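Colleague: I have a structure here, written as structure tokens, and I will follow up with some questions on it.
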Amino acid sequence: MKKNTLSLSKKNTLHQDVTSKLKVLLAEINHVKAKALMGVLTNGQYDIYHIAHSGVPLLRDVEQLNPDVIIIDIESPNRDMLENLNKISQFAPKPIVVFSEQQCANATINQMVKSGVSAYVVGEVNQTRVKSIIDIAIARFDLFQGLKQELADTKQKLSSQKNIDKAKRWLMETKQLSEIDAYHLIRKMAMDNSQKMDDVAKNILSVASIF
Amino acid sequence: MFNVEKKNINLGFMPLTDSAPVIIAHEMGFYEKWGLNVNLTKQNSWATLRDKLHTGVIDAAQMLAPMPIASNLGLHGQESTVISPMILSRNGNGITLSTKLYQKILAQHNTNEISMPFSANILKREIDERKKAGKKLTFAVVFPYSCHHYQLIEWLKNSDISPSDINLLIVPPSDMVPSMDSGDLDAFCVGSPWNAKAVREGVGITGVTSSDLWENSPEKVLGLMCDWQIEHPETTFALVSALYEACQWLENIPNRFEAARFLSRAKYLDTHIDVIAPSLLGSCLTLNNSSPRKVENYQQFSTLGDPAFNRPAHYYGENIAKLMHASGHINAKQIMNLDISSIYREDIYQAVI
């Protein structure tokens, strides 16, 4: 029963990821600038929220909104606050797309992006330009998150492989089974109980620890 | 004199009282004297100052003492070899409680006054009371990798208060006083002049300073990219020389008031001299309309005639790395792999001073 709920909720999350719009928070005190950006970003892909205050009230709104993306000017004093959310709370890291009207060489922008700034829009808020840069920033973020997920999955796989190996060895020693038979036994138990092999291995190991 | 490779330098600073050395070197003509033309650029966030240094938008920066270590470890984004050839200041931070919280503590302890500097023990009753209601006191610091953070944590730990007993936020220095005024913050640890501003406005009371907690530990350092220093060795020497002269100038108390006047200008701190001058004169404003507390070395920039003060000795870096480890910012392996003497570069400092 428990297992079913788990797999169901996972499916739901996946489903949600595909269909829901990205929540974009625009933290910009200057209303004129904010309006221009909102105009550029308003389309079917994003839900845009504009917040014009700073300090703790901004932080509270961010936590309530739980946005996927925060857009903030590189010169905003609130940058430290938003960028370090994940260091002081359980908040998931979010890409922070910064823009500025300052004239800046392309090489510098590339450097900035490489050094962790998600994107850096320079000069006039140009419709196609802003949109494409933000799209790229989000794609980069997804890629990064994807890699992190992949790493976590690989680590998980390695640890289940270890469990299975340990359980196999225990079966070989105590039940005098060959390696192949021990493996088949674990697999059969997993299939019969519709469990993962890792879970069966863990069960075997917890039984083993009693003896 | 040095044969400077680059005359025009962009130097980034944050508007704080301890940016005095980089500002005074400009105002008193020390950069010029050493053959440099320094353009001071005011930054609004530490993250932006860091990114601009990493990417060469600025050549040099006034940094929080833990920042070069954080950059080398890539604690924020890409690993970058930032070095520090000089300590610019020590002390200067303070912990301020909201007036509302302080009044409540006085009532809880049935007293009119608590002697200062006070320990975090006075908070215990309130923390316990809130715990019963499922609530916590909310504190703020300015940056995670900062002495402010480590000082606040230590102050709490000295009284057996765990960091998990409070909410801790990062709030920009200029937003600390308004956030406390609106009731969003119960306490903060921030650099001058923001503690004094809270007291002047009757919003908070400053009960303990970094000088009460740590013995003259480095607070701000000069930060450069390692590659930049290799390309500009003589320029680095000139920069260190000019800043050293500014630090020496600042050690003279009569000069401190003049420094406060410079700092209050719009292009620097853009804050009233009433708020800037006290800490520079060794005065810690505690409660509004009360006599200030004398704090020796509240803002320290040098020791007259003793060059050791500004030397970025590796053991300071090691101490900071230990604090970063103790607060969970870095792990034991990261500490082991750290080569502090390649970050805190006393060799550069000693070659010139």
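Colleague: Residues B:171, B:221: which one is free of Cβ contacts under 8 Å to residues at least 60 places away in the same chain and surrounded by 24 or more Cβ atoms within 10 Å (Cβ to Cβ)?
Modeller: Among B:171, B:221, only B:171 is free of Cβ contacts under 8 Å to residues at least 60 places away in the same chain and surrounded by 24 or more Cβ atoms within 10 Å (Cβ to Cβ).
Colleague: Now for a separate question. Check off (1) under 21 Å from the mean Cα position of the chain (by Cα); (2) assigned to a loop (DSSP other than H, G, I, E, B); (3) more than 9 Å from chain A (Cβ to nearest Cβ) for residue B:148 and give me the number that stays unchecked.
Modeller: Of (1) under 21 Å from the mean Cα position of the chain (by Cα); (2) assigned to a loop (DSSP other than H, G, I, E, B); (3) more than 9 Å from chain A (Cβ to nearest Cβ), only one is false for residue B:148: (2).
Colleague: Which one of B:10, B:44, B:37 is within 14 Å of chain A (Cβ to nearest Cβ), modelled with pLDDT of 95 or more and surrounded by fewer than 23 Cβ atoms within 10 Å (Cβ to Cβ)?
Modeller: B:10
Colleague: Identify the single condition in (1) over 28 Å from residue B:45 (Cβ atoms); (2) surrounded by fewer than 20 Cβ atoms within 10 Å (Cβ to Cβ) that residue B:241 does not satisfy, given that it satisfies every other one.
Modeller: Condition (2) is where residue B:241 drops out.
Colleague: Residues being among the hydroxyl-bearing types (Ser, Thr, Tyr) and part of a loop (DSSP other than H, G, I, E, B): count how many of those fall in the stretch B:114-139.
Modeller: Number satisfying all stated conditions: 2.
Colleague: Starting from the stretch B:178-199, take each residue that is without any contact (Cβ under 8 Å) to a residue 60 or more places away in the chain and list its partners that are surrounded by fewer than 23 Cβ atoms within 10 Å (Cβ to Cβ), counting only C-beta distances under 6 angstrom and pairs at least six apart or across chains.
Modeller: B:179/A:56; B:181/B:203; B:184/A:56
Colleague: Filter the stretch A:156-211 down to the residues that are within 34 Å of the chain's Cα centre (by Cα) and of a type in the set (Val, Ile, Thr) and list them by number.
Modeller: A:164, A:186, A:200, A:204
Condition check ((1) open to solvent by less than 10 Å² (accessible area, probe 1.4 Å); (2) away from chain A (no Cβ under 14 Å); (3) at pLDDT 95 or above) across all residues:
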residue: B:48; (1), (2), (3): yes, no, no
residue: B:79; (1), (2), (3): no, no, no
residue: B:84; (1), (2), (3): yes, yes, yes
residue: B:96; (1), (2), (3): yes, yes, yes
residue: B:99; (1), (2), (3): no, yes, yes
residue: B:103; (1), (2), (3): no, yes, yes
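Colleague: Can you report the number of residues in the stretch A:59-88 which are facing another protein chain (nearest Cβ under 9 Å) and in a helix (DSSP H, G or I)?
Modeller: 10
Colleague: Which of the residues that make up the stretch B:269-292 are within 25 Å of residue B:309 (Cα to Cα) and either among the charged types (D, E, K, R) or touching a residue at least 40 places away in the same chain (Cβ under 8 Å) (or both)?
Modeller: B:276, B:278, B:279, B:280, B:284 - these are the residues of the stretch B:269-292 that are within 25 Å of residue B:309 (Cα to Cα) and either among the charged types (D, E, K, R) or touching a residue at least 40 places away in the same chain (Cβ under 8 Å) (or both).
Here's the yes/no breakdown for (1) on the phi < 0 side of the Ramachandran plot; (2) more than 20 Å from the chain's Cα centre (by Cα); (3) more than 14 Å from chain A (Cβ to nearest Cβ); (4) hydrophobic (A, V, I, L, M, F, W, C):
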{"residue": "B:172", "(1), (2), (3), (4)": "yes, no, no, no"}
{"residue": "B:181", "(1), (2), (3), (4)": "yes, yes, no, no"}
{"residue": "B:221", "(1), (2), (3), (4)": "yes, no, yes, yes"}
{"residue": "B:233", "(1), (2), (3), (4)": "yes, yes, yes, no"}
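Colleague: Residues of the stretch B:181-204 being more than 14 Å from residue B:284 (Cβ to Cβ) and open to solvent by 10 Å² or more (accessible area, probe 1.4 Å), which ones?
Modeller: Matches in the stretch B:181-204: B:181, B:182, B:183, B:184, B:186, B:201, B:202, B:203.
The values are calculated or read from the model by the stated rules, or taken from the named source; none is laboratory data. What you are looking at is a predicted structure, and each value in this text was computed from that prediction instead of being measured. Note that each Cβ is placed from the backbone with ideal geometry, even for glycine, and that neighbours are counted across all protein chains shown. Accessible surface areas use protein heavy atoms only, side chains included; no ligands, DNA or RNA. Shrake-Rupley method; radii C 1.70, N 1.55, O 1.52, S 1.80 Å.
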